[in-house]
């Protein structure tokens, strides 16, 4: 076994918690059980890692075996972190609230679903008043369904911060019924980068052929339609948009006039209004506005920035 492999194995062992070393080496299944039993766990970590390296040298471990050990190490450490998160989260909520029922379900995408049934100090948890939480390991994001009992929200946030080892928590102004769309926006899996598509020579020939087929057909505003299509494509791309159902805008503006006369001239309070856009698939609906001739292209950035800013609640104030 060369020095590079030996050093790789040594560093891998050093980053494993002592309590997990024997477990990971057994999963690795490279060293025989008889040799694993000889390892002295009650010694400093540097000596322990060196002892493992010496055993690997006797079996002439290759870089391939060392890489497998590293993969197993990451998987077990992630699993251990998730179990620690669950245990801590449950203890914090149960310590703060006497009657609360908490259930966990692990998902294949390295996330855990949490179901919380809330009770009161004198009543058992109501299984019909639940909150669902989806926590993704090693990310700064957590998804929470609507919590009907407002007074429990601070306790829930505190449990998430402590168990996830975060210093603060900030609510994102983004809501949807579709978790996959929320994840695509928040995790930046939704990408609007694309290559601008133009008509190919073949498409151009087909278009010209169509014109030649019947000279009575007149296609009006061809250049404008091409511009609208290009701008829409540059804004939204060619793929299906993340699925959101609404966007809400609060507008605050003041009355402005050069004249000091009139009943509104001395008004100091701003005018306020609320505008809501709703649709079964809002972003796809916005994408179709300009090509359908309902709106000018390009659309307002307040409508097209929703996935970029990861929010569908906006407050617009004049400076």
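We did not get these values from a lab; they are worked out from the coordinates using the rules stated. Computed from a predicted structure; not experimentally measured. Using ideal geometry, Cβ is built from the backbone for each residue, glycine included, and neighbour counts are taken over all protein chains shown.
Brief remarks on what is shown
- Residue order, fewest to most surrounding Cβ atoms within 10 angstrom, among 25, 302, 97: 302, 97, 25
- Of all DSSP beta bridges in the chain, antiparallel share, percent nearest 5: 85 percent
- Considering only alpha-carbon pairs that sit under 8 angstrom and 6 or more positions apart, the relative contact order computed for the chain is 12 percent.
- For residue 27 and residue 60, the FRET efficiency from 1/(1 + (r/R0)^6), where r spans their Cβ atoms and R0 equals 25 Å, is about 0.75.
- For the chain, the longest principal axis of the C-alpha atoms and the axis of helix 3-14 are separated by about 80°.
- Stretchable slack from residue 180 to residue 223, in nm (0.36 nm times residue separation minus alpha-carbon distance): 11.7 nm
- Of (i) 21.0, 70; (ii) 18.5, 58; (iii) 30.0, 97, the label for Rg and Dmax of the Cα atoms in Å derived from the coordinates: (iii)
- Counting other Cβ atoms within 10 Å as a rough exposure proxy, the listed residues 150, 225, 287 run 150, 225, 287 from fewest neighbours to most.
- FRET efficiency for the pair residue 169 and residue 38, taken as 1/(1 + (r/R0)^6) with r the Cβ-Cβ distance and R0 = 35 Å, rounds to 0.15.
- Footprinting exposure proxy for 157, 73, 273 (fewest neighbouring C-beta atoms within 10 Å first): 273, 157, 73
- Length available on full extension from residue 188 to residue 272: 0.36 nm per residue minus the Cα-Cα distance, which gives 26.9 nm.
- Cα long-axis angle, helix 18-28 against the chain (0 to 90 degrees, to the nearest 10): 90 degrees
- Helix 153-164 vs. the chain, principal-axis angle (Cα, 0 to 90°, nearest 10): 50 degrees
- Label reach from residue 146 (point 7 Å along Cα→C-beta): in the stretch 221-251, amide nitrogens under 20 Å belong to 243-250.
- Computed over the chain, the per-residue total of -39500 (n - 2.57) for DSSP H runs of n ≥ 4 gives a 222 nm mean residue ellipticity of -13500 deg cm²/dmol, rounded to 500.
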